[in-house]
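Engineer: Structure provided below as structure tokens; questions to follow.
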Amino acid sequence: MREDNKRLVRAYFDAFRDCDDAWWDANIAPDFVRHDPGLDFEVRGPAGVRKLAAVLHGGLSDIAMPVDELIAEGDRILARLRFQGRHTGEFQGLPATGQHIDIVVMDLFQVADGRLVEHWALMDNLTMLKQLGAVDT
């Protein structure tokens, strides 16, 4: 089961990168919730993941999420990864800069009945804002 859960989380990042609606509908529980202190909107169910993807893909291109490590314990999976992209559209109130971002992310997921049901996300937003030139280094 742990390896299946790891595969599910790895597939989540691929689906997010590719904006794969069918994958989200099949693998994100209707009552899924993402806890993310960096967002000013709720992410609930597949529709919430779609909204988050639209925001990120609207401001960033060439998105990549290489996973460095997955750790599974029971129904939870911790992912250590990088979030990378190029700032090519309006994002977090900033006009496009063309800058490349590369930040560390820690994501904790909970799985139930083979679907993602909860997600706690921590992204290094300060480093991202520095890379975009929005705050002094």
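The values are calculated or read from the model by the stated rules, or taken from the named source; none is laboratory data. Just so it is clear, the structure is predicted and the values come from calculations on it, not from any experiment. Here Cβ is always computed from backbone atoms with ideal geometry, including for glycine, and neighbour counts include all displayed protein chains.
Engineer: Going through the stretch 93-113 one residue at a time, which ones are among the aliphatic types (A, V, I, L, M) and part of a strand (DSSP E or B)?
Structural biologist: L94, I101, I103, V104, V105, M106, L108, V111, A112
Engineer: I'd like to check something: does the stretch 74-89 contain any residue that is crowded, with 17+ Cβ neighbours inside 10 Å, free of Cβ contacts under 8 Å to residues at least 60 places away in the same chain, more than 14 Å from the chain's Cα centre (by Cα) and farther than 16 Å from K6 by Cβ?
Structural biologist: Looking through the stretch 74-89, at least one residue is crowded, with 17+ Cβ neighbours inside 10 Å, free of Cβ contacts under 8 Å to residues at least 60 places away in the same chain, more than 14 Å from the chain's Cα centre (by Cα) and farther than 16 Å from K6 by Cβ.
Engineer: From the list G98, G93, G114, exactly one residue is at pLDDT below 95 and either hydrophobic (A, V, I, L, M, F, W, C) or over 19 Å from D18 (Cβ atoms) (or both). Which is it?
Structural biologist: Every option except G93 fails the conditions.
Engineer: When residues of the stretch 114-137 are filtered for being within 12 Å of V104 (Cβ to Cβ) and assigned to a loop (DSSP other than H, G, I, E, B), how many remain?
Structural biologist: 1
Engineer: Could you tell me which residue of the stretch 24-40 is nearest to L126 (Cα to Cα), considering only residues that are surrounded by fewer than 16 Cβ atoms within 10 Å (Cβ to Cβ), at pLDDT 95 or above and not charged (D, E, K, R)?
Structural biologist: Out of the qualifying residues, it is H35.
Engineer: One residue is enough: does the stretch 57-70 have a residue meeting the conditions outside any strand (DSSP E or B), exposed (fewer than 15 other Cβ atoms within 10 Å of the Cβ) and of a type outside the set (S, T, Y)?
Structural biologist: yes
Engineer: In addition: Among the residues of the stretch 28-51, write down those that are part of a helix (DSSP H, G or I) and touching a helix residue (DSSP H, G or I) at 6+ places or on another chain (Cβ under 8 Å).
Structural biologist: Those that are part of a helix (DSSP H, G or I) and touching a helix residue (DSSP H, G or I) at 6+ places or on another chain (Cβ under 8 Å): P46, V49, R50.
Engineer: Moving on. What single numbered condition from (1) part of a loop (DSSP other than H, G, I, E, B); (2) closer than 17 Å to D14 by Cβ fails to hold for G85?
Structural biologist: The one condition G85 does not meet is (1).
Engineer: State whether the residues of the stretch 15-37 include one that is more than 14 Å from the chain's Cα centre (by Cα) and closer than 14 Å to F91 by Cβ.
Structural biologist: No, that holds for no residue.
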